[in-house]
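First comes the structure, then the notes that go with it.
We did not get these values from a lab; they are worked out from the coordinates using the rules stated. Please read all numbers here as calculations on a predicted model, not as lab measurements. Backbone-built Cβ (ideal geometry, glycine too); neighbour counts: all protein chains shown.
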C-alpha cells in the first residue's frame, strides 16, 4: 500500500512537472515570436507596433535580459526617455558584468543633455571593461574641455584599441595640436582624412598646423 501511494505521489509530481514545463515552453515560444515580430516592425519604422508586440509579454519578459534591453532601445527610439532608462537599468541589473546595457543607458541621458550622468556611466563601463573603445573615446572627448592630459590618456587608449577609427584619430589629432605636438597632430589628422575623404574637420585641423 505504501509502495502504491509512493508511486502515485511520484506520478502526480511527474504530471505536474510536465504540465509546468509545457506551459513555460509555450510562454517562451510566444515571447520569442513576439520578439521576432517586434524586430520586423522596427525594420518597417513602425515603432508603436514594435513596442506593443513586446508589452503584451511584460510579465513573462520582466526578468529576461534581451526583453529589457530591447524595450530600452525601443523606448529611446520613441523619445520615451524615462521608460528607456527604466528598462536599460533592469537589463543592467540582470547582467551586471556586461557593458552592453550601460552603453544603451547612456543614450536617453545624452538625449536629455544630462552629461554628468553620461560621464558616470562611461566610468562604470571602464570599470567593467578598461579596453572599451566607445567609453575611452567619449571620456576623452569630454575631457577635451576639461583636462588635455586626461583627454590624451583616454584617446590614446581608444586609438590603441582601434587605430583605424575616424573619431579616435580626429580627436587625438586636435588634442596633440592643443598640447603643441604638431607632428603627432598632423599624423592623426592625416589618418582621419584617409578614412574620411575630404573631411572638413580634419582639413581645418591641418590648416591650423601651417
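Considering the range 182-200 alone, what residues qualify as being surrounded by fewer than 16 Cβ atoms within 10 Å (Cβ to Cβ) and over 14 Å from residue 165 (Cβ atoms)?
Once the filter is applied, which keeps residues that are surrounded by fewer than 16 Cβ atoms within 10 Å (Cβ to Cβ) and over 14 Å from residue 165 (Cβ atoms), the range 182-200 yields 182, 183, 187, 190, 197, 198, 200.
Could you run through the range 36-46 and say how many residues are buried (at least 18 other Cβ atoms within 10 Å of the Cβ) and either within 20 Å of the chain's Cα centre (by Cα) or more than 15 Å from residue 77 (Cβ to Cβ) (or both)? Don't jump to the end; show me each part of the working.
First, the residues of the range 36-46 that are buried (at least 18 other Cβ atoms within 10 Å of the Cβ): 38, 41-42.
Filter again for either within 20 Å of the chain's Cα centre (by Cα) or more than 15 Å from residue 77 (Cβ to Cβ) (or both), leaving 38, 42.
Adding up the residues that qualify gives 2.
When the residues of the range 105-124 are narrowed to those that are out of contact with any helix residue (DSSP H, G or I) (no Cβ under 8 Å at 6 or more places or on another chain) and either in contact (Cβ under 8 Å) with a residue 40 or more places away in the chain or more than 15 Å from residue 143 (Cα to Cα) (or both), which ends up surrounded by the fewest Cβ atoms within 10 Å (Cβ to Cβ)? Don't jump to the end; show me each part of the working.
Narrowing the range 105-124 to residues out of contact with any helix residue (DSSP H, G or I) (no Cβ under 8 Å at 6 or more places or on another chain): 113-114, 116, 120.
Applying the additional criterion that residues be either in contact (Cβ under 8 Å) with a residue 40 or more places away in the chain or more than 15 Å from residue 143 (Cα to Cα) (or both) yields 113-114.
On the way: 113: 8, 114: 16.
Applying the filter and picking the extreme gives 113.
Do any helices (runs of 4 or more DSSP H) lying entirely in the range 148-210 carry at least 2 residues that are out of contact with any helix residue (DSSP H, G or I) (no Cβ under 7 Å at 6 or more places or on another chain), and which ones are they? Working first, answer last.
Numbers: elements: 148-161, 166-178, 182-195, 200-208.
Here the list reads 148-161, 182-195, 200-208.
Suppose we filter 77, 150, 162, 98 for residues that are surrounded by fewer than 17 Cβ atoms within 10 Å (Cβ to Cβ) and closer than 22 Å to residue 202 by Cβ; which single one remains? Steps first, please.
Details: 77 fails: closer than 22 Å to residue 202 by Cβ; 150 fails: closer than 22 Å to residue 202 by Cβ; 98 fails: closer than 22 Å to residue 202 by Cβ.
Answer to the check: 162.
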